[in-house]
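What follows is a short report on a single structure.
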Amino acid sequence: MDDKTLQALLDAAAPLIELAIAEDIGPGDATSTATLDPNVLLHGRITAKERGVIAGLPVAEAVFRRVDPAIVFTARVAEGQEVVPGEIVAEVVGPGPSLLAAERTALNFLQRMSGIATVTRSFVAAVSTTNATILDTRKTLPGYRVLDKYAVRMGGGVNHRMSLFDMLMVKDNHIDGAGGLLRAVECARAQHPDLPIEVEVRDLDELRQALAIEPPLDRILLDNMDLDTMREAVAIAQALAPSGTRGVPLEASGNVTRARLKDIAETGVDFISAGALTHSVKAFDLSMKIQPLSDAVESDPATRIRVAKNALGDRLVILGHHYQREDVIAFADYRGDSLELARRAAQTDAEYIVFCGVHFMAEVAAILAKPGQHVLIPDIDAGCFLAETASEHLVAAAWSTLDAALSATGSSADTEITPITYVNSDAELKAFCGQHNGTVCTSGNADRVLKWALAQRPRVFFFPDQHLGRNTAHKLGIADDEMLLWNVHRPPSAETIRAAKVILWPGVCNVHQRFRPEHIHAMRERYPGIRVIVHPECKAELVALADDAGSTAYILKQIEAAPAGTQWAIGTESRLVHRLQAEHPEQRILSLSDVPPFCANMTQITAANLAAVLDALLHGEMLNEVTVEPETRHWAKMALERMLSL
Ligand code: 13P
Ligand code: SF4
């Protein structure tokens, strides 16, 4: 978060904090001052009790510091980060009576703001495979507008107008009161020619009137329309758009519930505004537990990890992916991207490989492990959104369709197509590639692998990430009309299949999918000369606009090699961006989006569950061992070894 945003948040929060402290503490906390020694320092842990997104830590810190400047507040997660139950969100150290006096007020702010961020993130996730952007409204708690809207941004939403003065919004009442839509727009524009203007339409006739206005409106709001009418509105707006443009953006509003969200987004509207984000807030569940400072040190996960690493010595190796949180990656013997970690896993002789990353990565280590080696993961449920978009069952069904299309001309899938699975996939899909003379790729070697594959056979079936597949094919000069995006529900005709060189599975990563062209335009406008670098899991339009694209290791290498003072906007998972900011103070490094996209799956690995796995090893027990059934392992290993030899 930049300094200006932080200052604006704290300025807006300051009077609210005064009010809240006056109503809760007043002349003093009667119980705490009577029972606790003000000279003894206590330690408090603020812990998440459910899964969600944290927002408001700077406000919580301001509350503690306002109650007692002697309190030291340490955030353990970043703003906008997803947390899991039991995760420590922040720690406070200070005199007992001060900590307890500030606790309720600090948590009330943090719980409300995190509640808004959490529901916003769920709305954003529900539309992540469409082009719709989630907007808030003015339905905020009176006095809390800045805080509520800040929390929406931390959840990944975008703010609609802040107040009545920063945008013209001509609604039904203005239209009826002014005597018609055109007249209302004319009057509004005449008085405020510099303000952006949005007009609400109630039906398709009003929509046509609004679309005919010159100069074009900035946005049109479709009020309370049913799905069919919205679809029709999108078609009308597109038909009337000047060629080569998307036309006036459309916003859907009214009765936007979580259940209807995806259907609304799939009508093709550009924006969806939802009052529910801020008018029906469900506080995010957090608790604070106090203990003496000395006990806190002993139960500290970091201390337990250090003790276990020391005791297990060379029998243990901890591998950490770049997207892991700071307090986990600090204990990795090796950190890297998925390719580097696959290589490390194949080389190590350690008896226990503890993989701090997501399940498919640990599975790769298990496939490559030597006899007697064990691979463990701190949370066995840390999956990957992208990997889960494809299953062996669905891919095998698609393969049969491909085979049928090619058999008609006397050929077959096995003789014509090389299957490539991105490493972000289940072991079964890697085995599928092993069995069908295919291989695996990572974002670090995808172009080399695709080139190899096309030298074997004329076509490639690439899964599960459509964007990595398309971006890599573009790099090799393959045009979009030579690529076919698979549709699981409506398989293409045999003729279309036979015309395709690269067949792409429709999977996406919900983290990288969030970057949009507007982010690049905004960065370039704000920081002239900034270099934009994105991960190839981003959409092709992003890669085309960016200066460069590459795997996490590639991004790191570019930053390290750049002269001091270079400006970078990075389009990948935020923990890597934050780490680069800390490790390269000589560069200006920014996340491409102002709302940091954290990978929720990577977030599941915590210092606490890493400590639990290591504690168990010390007691001779294996928690969360990752294993692969022998037949699958045999074929998957063949595909992986083919990749590692390229
Ligand atoms: P890398 O191959 O760049 O490590 O990426 C893995 C991943 O999951 C990216 O989202
Ligand atoms: Fe999977 Fe995306 Fe997370 Fe990478 S960032 S692990 S692809 S969900």
Of the residues that make up region 610-623, is at least one under 23 Å from residue 78 (Cα atoms), crowded, with 19+ Cβ neighbours inside 10 Å and touching a helix residue (DSSP H, G or I) at 6+ places or on another chain (Cβ under 8 Å)?
-> yes
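I want to confirm something. Restricting to region 137-151 and keeping residues that are out of contact with any strand residue (DSSP E or B) (no Cβ under 6 Å at 6 or more places or on another chain) and under 12 Å from residue 162 (Cβ atoms), which single residue is surrounded by the most Cβ atoms within 10 Å (Cβ to Cβ)? Before you say what the answer is, go through the steps one by one.
First pass over region 137-151, keeping only residues out of contact with any strand residue (DSSP E or B) (no Cβ under 6 Å at 6 or more places or on another chain): 138-151.
Filter once more, so that each one left must be under 12 Å from residue 162 (Cβ atoms): 138, 140, 145-146, 148-150.
Values: 138: 17, 140: 22, 145: 17, 146: 17, 148: 24, 149: 24, 150: 27.
Only one residue tops the list, namely 150.
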Which ones in region 565-600 are away from ligand 1 (no atom under 16 Å from the Cβ), in a loop (DSSP other than H, G, I, E, B) and in contact with a Leu (Cβ under 9 Å, 6 or more places away or on another chain)?
-> 587
In region 601-645, which residues are more than 16 Å from ligand 1 (Cβ to nearest atom) and β-branched (Val, Ile, Thr)?
-> 606, 613, 626, 627, 628, 632
All but one of (1) crowded, with 24+ Cβ neighbours inside 10 Å; (2) modelled with pLDDT of 95 or more; (3) closer than 23 Å to residue 7 by Cα hold for residue 119; which doesn't?
-> (3)
Please enumerate the residues belonging to region 165-190 that are without any contact (Cβ under 8 Å) to a residue 24 or more places away in the chain, surrounded by 13 or more Cβ atoms within 10 Å (Cβ to Cβ) and within 18 Å of residue 254 (Cβ to Cβ).
-> 174
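Restrict the check to region 53-74 and report whether at least one residue is touching a Lys or Arg at 6+ places or on another chain (Cβ under 8 Å) and basic (Lys, Arg).
If we filter region 53-74 for residues that are touching a Lys or Arg at 6+ places or on another chain (Cβ under 8 Å), which is where we start, we get 53, 56, 71, 73.
Cutting the leftovers down to basic (Lys, Arg) gives us none.
There is no residue in region 53-74 that is touching a Lys or Arg at 6+ places or on another chain (Cβ under 8 Å) and basic (Lys, Arg).
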Would you please name the residue that is surrounded by the most Cβ atoms within 10 Å (Cβ to Cβ), looking only at residues in region 431-451 that are of a type outside the set (A, V, I, L, M) and touching a Gly at 6+ places or on another chain (Cβ under 9 Å)?
-> 443
Six or more apart or on different chains, Cβ under 6 Å: which pairs go from a residue in region 33-56 that's surrounded by 17 or more Cβ atoms within 10 Å (Cβ to Cβ) to one that's among the small types (Gly, Ala, Ser) and in a loop (DSSP other than H, G, I, E, B)? Could you list them?
-> 53/155
Considering each residue of region 534-554, count those that are of a type outside the set (Ser, Thr, Tyr), near ligand 1 (Cβ under 8 Å from one of its atoms) and not in a loop (DSSP other than H, G, I, E, B), and give that number.
-> 1
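Looking only at helices (runs of 4 or more DSSP H) that lie completely in region 298-405, which have at least 3 residues being within 16 Å of ligand 2 (Cβ to nearest atom), touching a residue at least 40 places away in the same chain (Cβ under 8 Å) and buried (at least 17 other Cβ atoms within 10 Å of the Cβ)? Let's see the steps before the verdict.
Working: elements: 301-312, 326-329, 338-347, 359-368.
Of the helices (runs of 4 or more DSSP H) lying wholly inside region 298-405, those with at least 3 residues that are within 16 Å of ligand 2 (Cβ to nearest atom), touching a residue at least 40 places away in the same chain (Cβ under 8 Å) and buried (at least 17 other Cβ atoms within 10 Å of the Cβ) span 338-347, 359-368.
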Scanning region 510-534 for residues that are modelled with pLDDT of 95 or more and in contact with a Phe, Trp or Tyr (Cβ under 9 Å, 6 or more places away or on another chain), the one farthest from residue 570 (Cα to Cα) turns out to be 530
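The values are calculated or read from the model by the stated rules, or taken from the named source; none is laboratory data. All figures in this text were calculated on a predicted structure; none of them were measured in a lab. When we count neighbours, we look across all protein chains shown, and the Cβ atoms used for this are built from the backbone with ideal geometry, even at glycine.
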